[in-house]
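Since every read-out is calculated from the coordinates, none of them should be taken as a lab result. These numbers were taken from a predicted model, which means no experiment stands behind them. So basically every Cβ, Gly included, is an ideal-geometry build from the backbone, and we count neighbours across all protein chains shown.
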Amino acid sequence: MLITRIYTGEDGQSHLEELETTTFPNPASLEQITGIRFRVQQPGQFSDWHVESRRNYIITLSGEGEIGLGDGSVHQIGPGRVMLVEDLTGQGHTTRVSSDVPRISIAIPLANQTPGT
């Protein structure tokens, strides 16, 4: 299974990489969660540059969105997409709901707040 990881690089910019779940440094981190939140974002909703306040898995259930990075790239997020969002510092990323229906997602905060632990 692929997981899209968004993280802060040494350059202070957010980057995106695709990881197989078997490549995680600590596969047990998949089980260390502190809760779950449901999010509903309306079509056209835009969040300007921001970082996450904590490490989260974010899973899109329905609707579609886009993640914008500092290098100008835009990445599509659709239903079933699992993201590990770890860009807690730096410029961050933008998000936009690109579908004509609400984007419904779940955010699963991780208990371990240091990447790779």
- Message: Among the residues of region 48-66, what is the count of those that are surrounded by fewer than 14 Cβ atoms within 10 Å (Cβ to Cβ) and without any contact (Cβ under 8 Å) to a residue 40 or more places away in the chain?
- Response: 1
- Item | region 92-104 residues that are under 14 Å from P79 (Cα atoms), paired with ones that are surrounded by fewer than 18 Cβ atoms within 10 Å (Cβ to Cβ) and of a type in the set (V, I, T) (beta carbon under 7 Å, 6 or more apart) | P102/V40; I104/V40
- Message: Filter region 68-100 down to the residues that are among the aliphatic types (A, V, I, L, M), surrounded by fewer than 20 Cβ atoms within 10 Å (Cβ to Cβ) and over 16 Å from L2 (Cα atoms) and list them by number.
- Response: L69, V74, L88
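Inspect all residues belonging to region 82-90 and state whether any of them is part of a loop (DSSP other than H, G, I, E, B) and more than 12 Å from the chain's Cα centre (by Cα). Lay out the reasoning, then the answer.
If we filter region 82-90 for residues that are part of a loop (DSSP other than H, G, I, E, B), which is where we start, we get 87-90.
Going one step further and asking which of them are more than 12 Å from the chain's Cα centre (by Cα), we end up with 89-90.
There is at least one residue in region 82-90 that is part of a loop (DSSP other than H, G, I, E, B) and more than 12 Å from the chain's Cα centre (by Cα).
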